[in-house]
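Down below is the structure, laid out as structure tokens.
The values are calculated or read from the model by the stated rules, or taken from the named source; none is laboratory data. Here the structure is a predicted model, which is why all the values come from computation and not from measurement. We place every Cβ from the backbone using ideal geometry, glycine too, and count neighbours over all the protein chains shown. The area values use the complete protein model at the heavy-atom level, side chains included, leaving out ligands, DNA and RNA. Shrake-Rupley method; radii C 1.70, N 1.55, O 1.52, S 1.80 Å.
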Amino acid sequence: MIPRSDCRRNKGWVDVAVKKQDRPWGGRFGEPTDREVVAFTASIHFDRRLYRHDIEGSLAHARMLARQGIITLGEAKKIRAGLKAILTEIERGDFVFTPEDEDIHMAIEKALIARIGEAGGKLHTGRSRNDQVALDIRLYLREEIVRTLELVGSLKAALLNRAKGEIGRIMPGYTHLQKAQPVLLSHYFLAFWEMLARDEGRLRDCLKRVNVMPLGSAALAGTSLPLDRSYVARLLRFPVVTKNSMDSVSDRDFIAEYLFAAAATMMHMSRFCEDLILWSTDEFGYVEIADAFTTGSSIMPQKKNPDVAELIRGKTGRVYGNLLAIMTILKGLPMTYNRDLQEDKEPLFDTVDTLQSSLAILAAMVGRLTFREERMERGAEGGFSTATDLAEYLVLKGVPFREAHGVVGRLVARCIREGKALTELTLEAFQGFHSAFDADVMERLTVRQSVNARKTMGGTAEDGVRSRIAEIEGSK
Ligand code: ARG
């Protein structure tokens, strides 16, 4: 029940008894907070991650307060120096975090007051932790989205690189995990490139809604003090400010959006990993993952396991869980701020970490895959994968598609009975099934011909794949 054990692992953590007067809001309370309650309500063991953003927001707030004449320039200067010193102290690892501080906002404010005295007590003027935390998360997430975008970009680049390097290589394309039609391995890589490009689009779109400045909403209703919200926004490089104070302190759908964009990105990586896991089996044998990206078994000496790919697949489940957590946390909240909202951070932080590490490791692993060209091409030849080409051949000779489908179906059934491939049938045998078959039918049966015939826009023909690569490279 108590997250204290987590806190204790953190550097600079001390567990101390809480005295009534230690709590900034202790004024109206007749007894100290119960120890269990202190531990239970504290978020500092995870929201200390926001220290830099909290200080950045406070610096801007203090500057604005002075500009508006709410505090003096001298007080603002003291606040600034104090906050900078605290920042350095935290970054050096010298700052002592305790559960009595409850959260990062109070920890920093308390340290500031201890350091600079009365002026420190003026920092929270016209501000509530409700709008402060909303600001901190937005500052944090804005940065992390940019970082996530960079990592998605690296994975896309790795996929594009493979698509270029493997051009011409043929693999079996599957539907229902049954061999369907031959495709280019490059086409396969570019399919994931397209998925990630959409993920990128979702992240960029989400960034627009994250990049809105909520400070000045105070607890929920705004404040009677003459704050200049636009000035704070300018200082913090936000293009706009939020338009409704009640919405500002209770809105977390920008987090839900990020968590969805993250879940979709993980889902795409997970699907790619699933293919790698299958393809690296002895049964498929299409790919070899570099030793550096695999692990062994503690008992079976021969084993080389695709654990990285499996973990990305597994972690995707966790990221989905985080999305569901935030959606559930938000669904029943009465307006406006409720402490439930403190529960937004762990799913968010966990998703940011999981997504970013998965993206980075997968991008590196993509560069360390060795494809077994021969085996893939042989795989593509099996399973009567050119049967559709044969049906389309008949269509071009004027046979209705449904009839052609039936003819080729019977042809395939015969091959199965006789244990033959389509390429092993004679022209006479083909003509026995339909008079429209001519000598040129034999050319339609190779996998390369099949691939290159698929010239529709977005199809797997080599020309099409090459022009998509050129298009992608041209747009960079
Ligand atoms: N730690 C809190 C959170 O993460 C900060 C806001 C607390 N506000 C309050 N009224 N208790 O949401």
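Some values worked out for this structure:
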| quantity | calculated |
| --- | --- |
| Cα-projected label distance for D205 with M335, points at 7 Å along beta-carbon direction, nm | 2.7 |
| Distance between the stretch 235-290 and the stretch 343-370 - C-alpha centres, whole angstrom | 9 |
| Nearby aspartates and glutamates by direct alpha-carbon distance to K77 (threshold 15 angstrom, same-chain neighbours under 8 apart not counted) | E56, E118 |
| Additional length obtainable on full extension of the chain from A221 to V37, 0.36 nm per residue less Cα span | 63.4 nm |
| Cross-link table K164/K455; K122/K331; K164/K315; K78/K110; K156/K331; K397/K455, entries beyond 24 Å C-alpha to C-alpha | K122/K331; K164/K315; K156/K331 |
| Å² per residue, accessible surface of the chain at 1.4 Å | 47 |
| Rounded if a/c under 1.5, otherwise prolate or oblate - the stretch 285-415, Cα gyration tensor axes | oblate |
| Selection from A66, P32, P99, by position along the positive dipole direction of the stretch 25-102 (Cβ) | A66 |
| Magnitude of the charge dipole, the stretch 273-392, Cβ model with Lys/Arg +1 and Asp/Glu -1, debye to 20 | 500 |
| Sites R67 and R237 - FRET efficiency at Förster radius 22 Å, r taken between beta-carbons, to 0.05 | 0.80 |
| Estimated inter-spin distance, Q449 and T328, nm [label 7 Å along Cα→Cβ] | 5.8 |
| Cα-based helix-to-principal-axis angle, 462-474 vs the chain, degrees rounded to 10 | 20 |
| The stretch 57-131-the stretch 179-201 distance, computed between alpha-carbon centres (Å) | 50 |
| 0 to 90° range, to nearest 10: angle between helix 185-210 axis and the chain longest Cα axis | 20 |
| Label-point gap, in nm, between S297 and Y174 - each point 7 angstrom along Cα→Cβ | 2.1 |
| Stretch gain in nm, segment D275-A157, where the contour uses 0.36 nm per residue and the Cα spacing is subtracted | 40.6 nm |
| Check: the stretch 138-232 dipole with +1 on Lys, Arg Cβ and -1 on Asp, Glu Cβ, in debye | 180 |
| FRET efficiency, L427 to A197 (Cβ-Cβ, R0 45 Å, nearest 0.05) | 0.45 |
| Cβ-based charge dipole, the stretch 249-389, positive-most Cα from L362, G296, I326 | I326 |
| Cα long-axis angle, helix 253-279 against the chain (0 to 90 degrees, to the nearest 10) | 40 |
| The chain - charge dipole about Cα centre, Lys and Arg +1 at Cβ, Asp and Glu -1, debye rounded to 20 | 1240 |
| Amide H contacts of V241 (H built 1.01 Å from N, under 5 Å, at least 5 apart or other chain) | M213 |
